[in-house]
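Worksheet: one structure, shown below.
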Amino acid sequence: MAPMTAPSPSELTKSDFGDDFTWGVAHASYQVEGAWDADGKGPSIWDTFTHKPRKIKDGSTGDEACDFYHRYPEDTALVKELGFEAQRFSISWPRVLPTGTGQVNQKGLDFYSRVVDECLAAGVEPWITIYHWDLPEALSQKGGWANRDVIGWFEEFVGVISERLGDRVKDWMVFNEPCSFIQGGYLSGVHAPGVRSFAKMLAASHHVNLCQAVGARVLRANVADSNVGTTHILTPMRTNRDSERHRRAAAAIDAFANRIFIEPNFGLGYPTEDAPLMQRVERYVQGDDMRDIVVDWDFFGVQYYTRVLVKPVPIPLLRGIPWISKDHKNYEITAMGWEVQPDGLYESLQRVHAYGKVDRLLVTENGVAVPDHLVGDRVRDPRRTAFYQDHLAEVLRAKRDGVPVEGYFCWSLMDNFEWAAGYVPRFGLTYVDYPTQRRVVKDSGRWFQQFLGAA
Ligand code: FCB
């Protein structure tokens, strides 16, 4: 069948996507919960990191964030009000296991149990991400993801969570975007724990890939009728010239940014041909690792924000090392400095489908930060609504071209702590007035409410 062009974004209807399509919103523990030291919670690497000077653009921390820890009933009611049927949230590991292993903090575990019950009572399906970046500080002190012992630590954590919540939660994602927290945390150092080491980045990558398989196995053992997946950010790499050097540069970055975290779990090994430096990962591979690493996912979560332009670095000393650049002249730019390119979502969905390894895909994150202004009780954010419409049109195009996409989660329900960028970029369908914690549904949230038939 010839690929169809994207349907007209403003004419989309919910029924175009089918009755079995899951519509949800996503957020993550450190970005929304606050209550950073409440009720026996231990510190996470993000608590440590944000409390150091100059790590976060606006000097802020997640100490209070959106206070979801106390406001989850009101926020879950909002999910329902806007017409979404699923709420994706993550578990703070040190809230449940303050030092990472051993003693369970009952109050922390009870909190997540209450959130699950609140969702179910509201008719909202809880979709849980096991790990969305907040490692216990105590484990980071022992080397964190770069220490192979993390496999056992993680196995224990997944066991505790799934034994307690698995009677009510069926939909699970083992990780959120390994590429972001491993490369941000261990290579560039812009994310917690702020390490800059190529060797540690490679070790951590391999350990996370192994933990994907461990997490899936524990979830399946503890949860009847489980639906187990994981999530990856996909960033298509473009070049603005069709030279061999440009192509090689893009292939190398693509191997490090996209393939290194996807292909080992698919049983395809590490993509070392396109990135010879990656061969060093073999130092961390032991015994039957490459057999044990393979996972048969029930679903695959695609997260998409933008594409990037890759250029070979023209400095002789660095030749062969690619460089990521921007093509700002030709695209609308978001408050994160990212280019708006909806067809990259189509490309990413097609790409994952083309591996032939997963039967079901969901878009587990997609969204945009634009400058929002609260005027009275209203936030007019037409650019965000247009962003969603344009991206949904690409999801539908992929679906019509045969990609089994079965759901879409907006990032995010509400404005929240955007990691190294602090609170300035706002990604929410709901505006958060941080000093008062008041929530105001933005026009884009109202658009979804109508689109989903809940208005
Ligand atoms: C993704 C993260 C998520 C959020 C969005 C904007 O990479 O998974 O936590 O920060 O970007």
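Observations on the model:
- The heavy atoms of R438 offer some 100 square angstrom of accessible surface to a 1.4 angstrom probe.
- Ranked by the mean number of other Cβ atoms within 10 Å per residue, highest first, peptides 59-65, 414-420 order as 414-420, 59-65.
- Amide H contacts of R238: V308, L309, V310, each under 5 Å away and 5 or more positions distant or on a separate chain (H built 1.01 Å from N in the peptide plane; Pro and chain starts excluded).
- Across the range 398-407, coupling constants 3J(HN,Hα) worked out from phi with the 6.51/-1.76/1.60 Karplus curve, θ = phi - 60°, read 4, 4, 5, 8, x, 7, x, 8, 10, x Hz, and Gly and Pro carry x.
- Share antiparallel - DSSP beta bridges, the chain, percent rounded to 5: 25
- The equivalent ellipsoid of the chain has semi-axes of 30, 28, 23 Å, largest first, where each one is the square root of 5 times an eigenvalue of the Cα gyration tensor.
- Between the amide H of K442 and those of T430, Y431, distances stay under 5 Å, these residues lying 5 or more places away or on another chain, with hydrogens modeled in the peptide plane.
- D20 accessible area, 1.4 Å probe, all protein chains in place, Å² to nearest 10: 140
- Computed from phi, the 3J(HN,Hα) profile of the range 75-82 under the Karplus parametrisation 6.51, -1.76, 1.60 (θ = phi - 60°) reads 6, 5, 4, 5, 4, 5, 4, 7 Hz, with x in place of Gly and Pro.
- Sequence ranges 189-198, 77-86, ranked by mean other-Cβ count within 10 angstrom, highest first: 77-86, 189-198
- Positive-end residue, the range 83-127 charge dipole about Cα centroid, Cβ charges, pick of W127, N105, F89: N105
- If only the Cβ of Lys and Arg carry +1 and only the Cβ of Asp and Glu carry -1, the dipole of the range 204-318 around its Cα centre is close to 560 debye.
- Accessible area per residue (1.4 Å probe, heavy atoms of protein chains only) ranks K200, K55 as K200, K55, with the largest value leading.
- Taking every C-alpha pair closer than 8 Å and separated by at least 6 residues, the mean separation divided by the residue count of the range 20-148 gives a relative contact order of 33 percent.
- What the phi angles of the range 180-187 give under the Karplus curve with 6.51, -1.76 and 1.60, with θ = phi - 60°, is a coupling list of 5, 7, 7, 6, x, x, 10, 10 Hz, glycine and proline written as x.
- Amide H contacts of W323: K311, V313, each under 5 Å away and 5 or more positions distant or on a separate chain (H built 1.01 Å from N in the peptide plane; Pro and chain starts excluded).
- 1.4 Å probe accessible area per residue over the chain, in Å²: 39
- Of all lysines in the structure, those lying under 18 Å Cα to Cα from K399, and not within fewer than 8 positions of it along the same chain, are K14, K357.
- Residue order for D167, D254, D292 - accessible surface, 1.4 angstrom probe, largest first: D167, D292, D254
- Protein accessible area in the chain, 1.4 Å probe - carbon and sulfur %: 50
- Proximal lysines relative to K200, as straight alpha-carbon distance under 19 Å, when same-chain residues fewer than 8 apart are discounted: K142
- Taking the Cα centre of the chain as origin and assigning +1 to Lys and Arg Cβ atoms and -1 to Asp and Glu Cβ atoms, the resulting dipole is close to 1460 debye.
- Accessible area of T99 in the full protein assembly, 1.4 Å probe (Å², nearest 10): 80
The values are calculated or read from the model by the stated rules, or taken from the named source; none is laboratory data. Remember, it's a predicted structure, so these values are computed and weren't measured experimentally. Positions of Cβ are backbone-derived with ideal geometry, glycine not excepted, and every protein chain shown enters the neighbour counts. Note: accessible area is taken over every heavy atom of the protein model, side chains too, but ligands, DNA and RNA are not part of it. Shrake-Rupley method; radii C 1.70, N 1.55, O 1.52, S 1.80 Å.
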